[in-house]
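Read-outs: derived from the displayed coordinates by stated rules, not from any lab. Note that the coordinates shown come from a computational prediction; the quantities given were computed from them, not determined experimentally. With ideal geometry, Cβ positions are generated from the backbone for all residues, glycine too; neighbour counts draw on all protein chains shown.
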């Protein structure tokens, strides 16, 4: 196991009606003037926003609002939020929504206390200072509610880039599974896929002897396999939503990823797809992951065979573990199809002629210096070949 | 899943030489005058104390020292530590040792900023204020390095009682698996047993539909089953020690215990044994747990059958799952024996004639009002019967 540090000081309030604690939690973590950041009107129509405001009012906390966050959140709105925070002397950013809203809120929080361009952080500058952020999660997917990460798309050029830093860990996150019950099935499935991707990215490691984190990752994958069909069958299944929601946080707060190299090639390769076609991140990952795993399989057949056996219940083929590894990838692909995820470029709306451009952008953008992936370093030609596996 | 809150803001520095960060971490978390609290001379003889002091010196942090913590740490030394902290204006308590030392340090930290008797906290008063605590862990076992808990034995009457509160979460914990390599095999095995007990206590729940935490608990149990024999075979196996150390923290920071009722009958029943005979907590648990599980099995046969199948690899007997449940308990008992743990009163040095007294103390002490256990409420007669299963 590699040396590591782990620090995840986010306060979680989990369960029914947890959003009624918003005001008390903002106060506890030092907020007195809040920016409420959100996406579309669904949080208003559902009545959630009224409850949040009532909770803030009860603690005499004032607020301004900024809606309009889109999936694959854009830099334009971030700049707007930063201006608003500075003008209104906001001291706390409250995200009400899914990963996109939270990521946008984090970017605003950093930019509001930085004299330069917030995009610097998305070009590699470590995030060391930001306004405190709280979240009220409405989609189990990105794990941003417990992570130090944020991904933003710059509108000029549609570059999708990530930033990370301790200051990006939310001070609190409110996780009420009931708030996710109104999500359309497709978005629910995209969330499930994203959570499983966060687990697979960590599973693909070159660090030996990391049984504890292997087992934790497998545990969370098994949970998703058990719970996702239940929630697809009955979107109002609170219990299944609850299991998925906690698994989604645990999958990405990195307690199961410490002390080991991780991959993240699938994310880098997917980011190009969602930046180019504005497809859902989870849907893109569903197409990308089986292709990446298939391409990388020979690098460590036993690792893919192990997850196939332990998670997908494939019988270990001792004579040819490659068969087990392949069966596991196929089982994962079938699972993703079964919850309504696309399986190729066509279903995703992606185009073969963009492959070269996307492969180049993946390998040379976001601070990458010619390759992606921590498991197998993949150069532009490799990434092109992987995209072709998705045709 | 039940509603819950989860807040675990401990900073972990994990790996080789991590203790050299001590000074920087004390400074980061606001310490300028430290009480170094420790047990016997092993931390001095090993050179660890010199490295810790050098690290504090490098940051110009002054310190006083208090050694002498015993297993099942006593109130007498806690009072001494509190006096010392008040006299020397200590503002940070640093525990260098295992769970006993950390628990003692937490009690000192609470008492140092409280006008009353620190024992009030161990009679049920919530711990809301304490000096900040940091830890340098030398035994993977108690999980106190990441938990809000502390257990102290009051010398008058030898009552062993627990206290809990947010202020008891360490600000930082330094986890260097190499520091545990010098532990004698028996103590290592006691630590393994304690970690597994923290998992089983959480597994025994009446809350339905908690797959995510079930799976996480099973993952950590599987890790222990894999790693413990490796470390018993070769005490210098750093990798096995590292896996156990992270599993030990995860087993008790409660991320795998949230949103569900838990049991803790085994701990309450064991505490009487170690208070009475001063046996190692882990050794006591090894004797207690199979008896408790056997006694409670019929309350929820499928829960014990599930852990038997998923963790111990027992084949599910669909016609009679009780057979599977029994096989799982037997497998656990055999595993504990295989790492050198005792299996009955005699091997533990306990006496039949004390059963009635211990059962009464378990059920009526520590704020208990006639029973122990959150899974099956066990009254004095039940606890007596359970002790008799250990004869």
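For the range A:206-229, how many residues are more than 19 Å from the chain's Cα centre (by Cα) and more than 8 Å from chain B (Cβ to nearest Cβ)?
Total satisfying the criteria: 4.
Name the residues in the range A:237-254 that are within 12 Å of the chain's Cα centre (by Cα) and within 8 Å of chain B (Cβ to nearest Cβ), would you?
A:250
So which residues in the range B:313-338 are in a helix (DSSP H, G or I), free of Cβ contacts under 8 Å to residues at least 12 places away in the same chain and either in contact with a helix residue (DSSP H, G or I) (Cβ under 7 Å, 6 or more places away or on another chain) or under 13 Å from residue B:303 (Cα atoms) (or both)?
Selection gives B:323 alone.
Please verify whether the range B:69-87 includes one or more residues that are surrounded by 22 or more Cβ atoms within 10 Å (Cβ to Cβ), in contact (Cβ under 8 Å) with a residue 12 or more places away in the chain and either within 14 Å of chain A (Cβ to nearest Cβ) or farther than 29 Å from residue B:184 by Cβ (or both).
The answer is yes, given that some residue of the range B:69-87 is surrounded by 22 or more Cβ atoms within 10 Å (Cβ to Cβ), in contact (Cβ under 8 Å) with a residue 12 or more places away in the chain and either within 14 Å of chain A (Cβ to nearest Cβ) or farther than 29 Å from residue B:184 by Cβ (or both).
Can you tell me which residue among B:30, B:41 is closer than 26 Å to residue B:274 by Cβ and exposed (fewer than 15 other Cβ atoms within 10 Å of the Cβ)?
Values: B:30 fails: closer than 26 Å to residue B:274 by Cβ.
Going through B:30, B:41 in turn, just one is closer than 26 Å to residue B:274 by Cβ and exposed (fewer than 15 other Cβ atoms within 10 Å of the Cβ): B:41.
Can you tell me which residue within the range A:379-391, out of those that are free of Cβ contacts under 8 Å to residues at least 60 places away in the same chain and part of a loop (DSSP other than H, G, I, E, B), is surrounded by the most Cβ atoms within 10 Å (Cβ to Cβ)? Write out each step before concluding.
Taking the range A:379-391 and keeping what is free of Cβ contacts under 8 Å to residues at least 60 places away in the same chain, we get A:379-381, A:384, A:388, A:391.
Now narrow it down to the ones that are part of a loop (DSSP other than H, G, I, E, B): A:379, A:391.
Numbers: A:379: 14, A:391: 12.
Among those that are free of Cβ contacts under 8 Å to residues at least 60 places away in the same chain and part of a loop (DSSP other than H, G, I, E, B), it is A:379.
Looking at residue B:265, is it in contact with a strand residue (DSSP E or B) (Cβ under 8 Å, 6 or more places away or on another chain) and buried (at least 24 other Cβ atoms within 10 Å of the Cβ)?
yes
I want to confirm something. Restricting to the range B:19-43 and keeping residues that are free of Cβ contacts under 8 Å to residues at least 40 places away in the same chain and touching a helix residue (DSSP H, G or I) at 6+ places or on another chain (Cβ under 8 Å), which single residue is farthest from residue A:4 (Cα to Cα)?
Taking the range B:19-43 and keeping what is free of Cβ contacts under 8 Å to residues at least 40 places away in the same chain, we get B:20, B:23-24, B:27, B:40-41.
Now narrow it down to the ones that are touching a helix residue (DSSP H, G or I) at 6+ places or on another chain (Cβ under 8 Å): B:20, B:23-24.
Details: B:20: 14, B:23: 18, B:24: 16 Å.
So the residue we want is B:23.
Which of the residues spanning the range B:149-167 are more than 19 Å from residue B:97 (Cα to Cα) and buried (at least 24 other Cβ atoms within 10 Å of the Cβ)?
Within the range B:149-167, B:160, B:163 meet the criteria.
So residue B:192 passes all but one of these: (1) more than 10 Å from chain A (Cβ to nearest Cβ); (2) over 26 Å from residue B:306 (Cβ atoms); (3) touching a helix residue (DSSP H, G or I) at 6+ places or on another chain (Cβ under 6 Å). Which condition number does it fail?
(2)
Looking only at the range B:342-359, filter to residues that are assigned to a helix (DSSP H, G or I) and in contact with a helix residue (DSSP H, G or I) (Cβ under 7 Å, 6 or more places away or on another chain); which one of those is surrounded by the fewest Cβ atoms within 10 Å (Cβ to Cβ)? Walk me through how you get there before you give the answer.
Filtering the range B:342-359 down to residues assigned to a helix (DSSP H, G or I) leaves B:345-348, B:352-359.
When the remaining residues are screened for being in contact with a helix residue (DSSP H, G or I) (Cβ under 7 Å, 6 or more places away or on another chain), the result is B:345, B:348, B:352, B:354-356, B:358-359.
Working: B:345: 20, B:348: 22, B:352: 12, B:354: 16, B:355: 20, B:356: 14, B:358: 23, B:359: 24.
Residue satisfying both the conditions and the ranking: B:352.
Could we say that residue B:376 is part of a loop (DSSP other than H, G, I, E, B) and touching a residue at least 40 places away in the same chain (Cβ under 8 Å) here?
Numbers: part of a loop (DSSP other than H, G, I, E, B): yes; touching a residue at least 40 places away in the same chain (Cβ under 8 Å): yes.
In short, yes.
Quick test of your reading of the structure: residue A:232 fulfils all but one of (1) within 14 Å of chain B (Cβ to nearest Cβ); (2) surrounded by fewer than 24 Cβ atoms within 10 Å (Cβ to Cβ); (3) in contact (Cβ under 8 Å) with a residue 40 or more places away in the chain; (4) assigned to a helix (DSSP H, G or I). Name the failing condition by number.
Failing condition for residue A:232: (1).
Do we have residue A:305 as without any contact (Cβ under 8 Å) to a residue 24 or more places away in the chain, buried (at least 24 other Cβ atoms within 10 Å of the Cβ) and more than 10 Å from chain B (Cβ to nearest Cβ) here?
Details: without any contact (Cβ under 8 Å) to a residue 24 or more places away in the chain: yes; buried (at least 24 other Cβ atoms within 10 Å of the Cβ): yes; more than 10 Å from chain B (Cβ to nearest Cβ): yes.
So residue A:305 fits the description; yes.
Can you find a residue that is without any contact (Cβ under 8 Å) to a residue 24 or more places away in the chain, farther than 14 Å from residue B:390 by Cα and not in a loop (DSSP other than H, G, I, E, B) anywhere in the range B:276-290?
Our first condition is that a residue be without any contact (Cβ under 8 Å) to a residue 24 or more places away in the chain; within the range B:276-290, this holds for none.
Looking through the range B:276-290, none of the residues is without any contact (Cβ under 8 Å) to a residue 24 or more places away in the chain, farther than 14 Å from residue B:390 by Cα and not in a loop (DSSP other than H, G, I, E, B).
Residues being part of a loop (DSSP other than H, G, I, E, B), under 21 Å from residue A:139 (Cβ atoms) and more than 7 Å from chain B (Cβ to nearest Cβ): count how many of those fall in the range A:9-57. Working first, answer last.
Let us first name the residues in the range A:9-57 that are part of a loop (DSSP other than H, G, I, E, B), namely A:9-10, A:15-17, A:29-32, A:39-41, A:46-47.
With under 21 Å from residue A:139 (Cβ atoms) added as a condition, the list becomes A:10, A:15-17, A:39-41, A:46-47.
Pick out the ones that are also more than 7 Å from chain B (Cβ to nearest Cβ) and you get A:10, A:17, A:39-41, A:46-47.
Count: 7.
Among the numbered conditions (1) at the interface with chain A (Cβ under 9 Å from one of its Cβ atoms); (2) touching a residue at least 24 places away in the same chain (Cβ under 8 Å), tell me where residue B:200 comes up short.
Result: residue B:200 passes all but (1).
Could you say which residue among B:184, B:170 is surrounded by fewer than 23 Cβ atoms within 10 Å (Cβ to Cβ) and more than 10 Å from chain A (Cβ to nearest Cβ)? Reasoning before the result, please.
Values: B:170 fails: surrounded by fewer than 23 Cβ atoms within 10 Å (Cβ to Cβ).
Testing whether each residue is surrounded by fewer than 23 Cβ atoms within 10 Å (Cβ to Cβ) and more than 10 Å from chain A (Cβ to nearest Cβ) leaves just B:184.
A quick yes/no check of all residues on (1) within 15 Å of residue A:100 (Cβ to Cβ); (2) in a helix (DSSP H, G or I):
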residue	(1), (2)
A:179	no, yes
A:182	no, no
A:186	no, yes
A:194	yes, yes
A:212	no, yes
